[in-house]
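Engineer: Submitted below is the structure of interest, expressed as structure tokens.
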Amino acid sequence: MPISIKIPDKELWDPTKEEFIQVKGQVLTLEHSLLSVDKWESKWKKPYLSDEKKTALEVLDYIRCMTITKNVNPFVYYAIPTDELERINTYISDPMTATTFTNRKDQRGGRRKEVITSEIIYWQMTQLNIPLEWEKRHLNKLLTLIQVAAIKSESPQKMSKNDIAKQNSRLNAARRKRYNTRG
């Protein structure tokens, strides 16, 4: 689901030409999607979905990559008001779903941390048979779908002998109580 932001008319300073320029305001429609991430990573040659802090220029460029409005004056991105930038950040961080997950751990008991790039996400989509059209959906919704599909496609883990014994003990206790017997 895209978001629309309103950018008012603004006068900006162009340091390369050393003159003021008038930027005509406009409404931009933005979409936080895998396609946007892929465009940004192709330009910046680093993962977008990392904990690394992004520069102001990188943030504005990601907004440019999110833009689905045609024929946008490149200077308009420098005129985005602070409240609209906050709306964009809220939109980007919105999970767009009610699905939640418990923390999954790797075999050593630590939290899994992998650098995720657009290529990794495209690979996950192919492995999980997620249609390519999902690259235009909100990125958080796509990542949730990938996580759900991965969990659902896992083979169930075998119970340990200790867990089986505990389960049998609980079932036997419930049967004894139900039928009012001692054994």
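Every read-out reported here was derived from the displayed coordinates using simple, explicitly stated rules and does not represent laboratory data. Predicted model only: the values in this text are computed from it and were never measured. A quick note on method: Cβ atoms are made from the backbone with ideal geometry, for glycine too, and the neighbour counts reach across all protein chains shown.
Engineer: I'd like to compare 57-65, 33-41: which one has the highest average count of other Cβ atoms within 10 Å, and what's the full order after that?
Structural biologist: Top to bottom by mean Cβ count within 10 Å: 33-41, 57-65.
Engineer: Report the Cα centroid-to-centroid distance between the range 4-53 and the range 118-183 in angstrom, as an integer.
Structural biologist: Cα centres, the range 4-53 to the range 118-183: 40 Å.
Engineer: Using a Cα-Cα cut-off of under 29 Å, which lysines could be cross-linked to K158, ignoring same-chain neighbours fewer than 8 residues away?
Structural biologist: Filter leaves K105, K113, K166, K177.
Engineer: What is the set of long-range amide H partners of Q26 at a cut-off below 5 Å, with H atoms built 1.01 Å from backbone N?
Structural biologist: I7
Engineer: Among P81, T181, Q157, flag the residue with its Cα farthest along the positive direction of the charge dipole of the chain, charges on Cβ as +1 for Lys/Arg and -1 for Asp/Glu.
Structural biologist: Going by the Cα projections, it comes out as T181.
Engineer: Which residues does the label zone of I120 cover in the range 23-65, counting backbone N under 19 Å from a point 7 Å along Cα→Cβ?
Structural biologist: Within reach of a label on I120: 33-54.
Engineer: Which three extents, in angstrom, do the Cα atoms of the range 3-93 have along their principal axes, listed largest first?
Structural biologist: Here the spans come out as 36, 27, 23 Å, largest first.
Engineer: Only four residue types carry charge here, +1 at the Cβ of Lys and Arg and -1 at the Cβ of Asp and Glu. Report the dipole size of the range 3-93 about the Cα centre in Debye, rounded to the nearest 20.
Structural biologist: 260 debye
Engineer: Quickly estimate the mean residue ellipticity at 222 nm for the chain, helices only: each DSSP H run with n ≥ 4 gives -39500 (n - 2.57), and the total goes over all residues, rounded to 500.
Structural biologist: After summing the helix terms and dividing by the residues of the chain, the value is -13500 deg cm²/dmol.
Engineer: Using square roots of five times the C-alpha gyration tensor eigenvalues, list the equivalent-ellipsoid semi-axes of the chain in whole Å, biggest first.
Structural biologist: Those come to 51, 17, 15 Å.
Engineer: Still on this structure, please answer the following. Place a point 7 Å from the Cα of T102 along the Cα-to-Cβ direction; which residues of the range 118-159 have their backbone N under 19 Å from it?
Structural biologist: It comes to 147-159, nothing else.
Engineer: Among all the lysines, which ones have a C-alpha under 23 Å from K70's C-alpha, if same-chain residues fewer than 8 places away are not counted?
Structural biologist: Partners within reach: K6, K10, K24, K39, K43, K136.
Engineer: So for each of 120-128, 140-148 I average, over its residues, the number of other beta carbons within 10 Å; can you give me the resulting order with the highest mean first?
Structural biologist: Output ranking for 120-128, 140-148: 140-148, 120-128.
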